[in-house]
1. For the range 1-47, name all the residues that are within 16 Å of ligand 1 (Cβ to nearest atom), aliphatic (A, V, I, L, M) and out of contact with any helix residue (DSSP H, G or I) (no Cβ under 7 Å at 6 or more places or on another chain).
2. Could you check SER247 against (1) in contact (Cβ under 8 Å) with a residue 40 or more places away in the chain; (2) small (Gly, Ala, Ser); (3) in contact with a helix residue (DSSP H, G or I) (Cβ under 9 Å, 6 or more places away or on another chain) and say which number it fails?
3. Only one residue in ARG93, ARG108 is assigned to a helix (DSSP H, G or I), out of contact with any Ser or Thr (no Cβ under 8 Å at 6 or more places or on another chain) and touching a residue at least 60 places away in the same chain (Cβ under 8 Å), so which one is that?
4. So GLN75 clears everything in (1) under 18 Å from the mean Cα position of the chain (by Cα); (2) at pLDDT 95 or above except one condition, right? Which one?
5. Scan LEU242, LEU258, LEU233 and give me the residue that is open to solvent by 10 Å² or more (accessible area, probe 1.4 Å), of a type in the set (A, V, I, L, M) and within 16 Å of ligand 2 (Cβ to nearest atom).
6. Just the residues that are in contact with a helix residue (DSSP H, G or I) (Cβ under 7 Å, 6 or more places away or on another chain), at pLDDT 95 or above, under 20 Å from LYS173 (Cβ atoms) and open to solvent by 20 Å² or more (accessible area, probe 1.4 Å), please, taken from the range 78-119.
7. Among the listed residues ALA149, ALA158, ALA125, ALA192, identify the single one that is of a type outside the set (Val, Ile, Thr) and touching a residue at least 60 places away in the same chain (Cβ under 8 Å).
8. Of all residues in the range 219-278, which are closer than 20 Å to GLY198 by Cα, part of a helix (DSSP H, G or I) and not hydrophobic (A, V, I, L, M, F, W, C)?
Amino acid sequence: MSTSAGARVADLHLHTFYSDGTYSPQELVEQALRQNLHAVALTDHDTVEGCALAGQACQAAGIEFIAGTELTAEQDGHEIHVLGYLIDLQNSRFLKEIGKFQTVRQDRIREMVHRLNQMNVPLQAEEVFALANCRAPGRPHVARALVQAGFVGSLDEAFERFLKKNRPAWVPKFKMSASEAIGLIHQSGGVAVMAHPGLNRSDEIIPAMVQAGLDGIECFHTKHSAALSDHYLQIAGRFNLLITGGSDCHGLSKGRPLIGSVRLPYEHVEKLHARAAQRKAASESHFSA
Ligand code: AMP
Ligand code: FE
Ligand code: FE
Ligand code: ZN
């Protein structure tokens with residue numbers, strides 16, 4: 001997606017080492033500065049752990065920071081990712097709920113390690129937790145630990161032999177429903193956006209998500225072709241959804257760092273703010289009525 005030089009742009013889909021990225025929040029913001037981004041959102045999987053530090057680094061760098069997360073959910077048998085933007089980081093119910101999903105992730109690591117052990121791969125869960133060093137560990141951390149201990153030669157090999165869906169150490173993850181994810185984001189002041197719809201091509205679930213209160217759809221994403229972006233822009237128009245976009249940068253863990261490769265015009269960030277304000281006003285009038 002190209003924009004004229006000097007136009008304000010945002011990248012609204014970024015990961016740090018608080019989930020499965022490799023950058024620290026500070027390194028991420030250094031890269032954002034280098035990419036001339038006006039605004040960034042941190043969207044680590046099932047956690048907001050890195051948001052405080054990323055927010056501070058953005059403030060020092062003069063970049064607008066949007067606190068976010070990427071929740072894993074399920075709708076009609078499809079795994080989908082729901083981005084939450086402008087989350088209140090102090091919201092205790094939100095923290096408690098995502099804490100449950102962090103526990104699910106930690107228990108799942110133990111189960112994956114147990115299955116590896118049964119295949120005579122003597123990895124220890126503690127090695128994975130030490131390497132992950134965050135509340136929302138996932139398969140990429142198991143893969144890295146397997147490489148580090150010399151059990152496989154590469155991350156790809158770890159996924160191919162053990163971790164991919166239906167491979168011997170793959171463990172399904174308990175997921176919330178899409179409407180629970182959307183509700184959770186709303187009750188913590190946030191705006192809910194369907195992430196990279198083109199990755200799972202599950203267009204048929206969009207109407208149900210709109211019914212559940214979905215606010216927006218990530219039309220621009222590294223893995224969306226121009227044609228796919230156009231397709232989702234049309235869907236956004238049809239359902240009156242906000243438009244977002246982001247690179248889904250995981251730092252150095254998936255080849256080259258992608259931050260800044262998707263450049264969303266800033267007007268869409270303004271619309272996110274407007275939607276959050278609208279929701280806030282509606283909930284306040286509800287409580288005072
Ligand atoms: P999890 O949330 O623990 O299921 O892990 C999902 C993460 O694993 C995502 O960041 C994916 O990009 C990554 N992943 C999934 N499948 C593969 C694969 N075949 N090779 C490399 N990374 C993968
Ligand atoms: Fe990821
Ligand atoms: Fe995702
Ligand atoms: Zn992501």
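1. Result: no residue meets the conditions.
2. Going through the list (1) in contact (Cβ under 8 Å) with a residue 40 or more places away in the chain; (2) small (Gly, Ala, Ser); (3) in contact with a helix residue (DSSP H, G or I) (Cβ under 9 Å, 6 or more places away or on another chain), SER247 breaks only (3).
3. Every option except ARG108 fails the conditions.
4. The failed condition is (2).
5. LEU258
6. Of everything in the range 78-119, those that are in contact with a helix residue (DSSP H, G or I) (Cβ under 7 Å, 6 or more places away or on another chain), at pLDDT 95 or above, under 20 Å from LYS173 (Cβ atoms) and open to solvent by 20 Å² or more (accessible area, probe 1.4 Å) turn out to be GLU97, ARG110.
7. Result: ALA192 is the single residue among ALA149, ALA158, ALA125, ALA192 that is of a type outside the set (Val, Ile, Thr) and touching a residue at least 60 places away in the same chain (Cβ under 8 Å).
8. SER229, ASP230, HIS231, TYR232, GLN234, GLY237, ARG238, HIS268
The values are calculated or read from the model by the stated rules, or taken from the named source; none is laboratory data. None of the values given here were measured: they were computed from a predicted structure. Reconstructed Cβ throughout: ideal geometry from the backbone, glycine too, with neighbour counts over all protein chains shown. These accessible areas exclude ligands, DNA and RNA; they are computed on the full protein's heavy atoms, side chains included. Shrake-Rupley method; radii C 1.70, N 1.55, O 1.52, S 1.80 Å.
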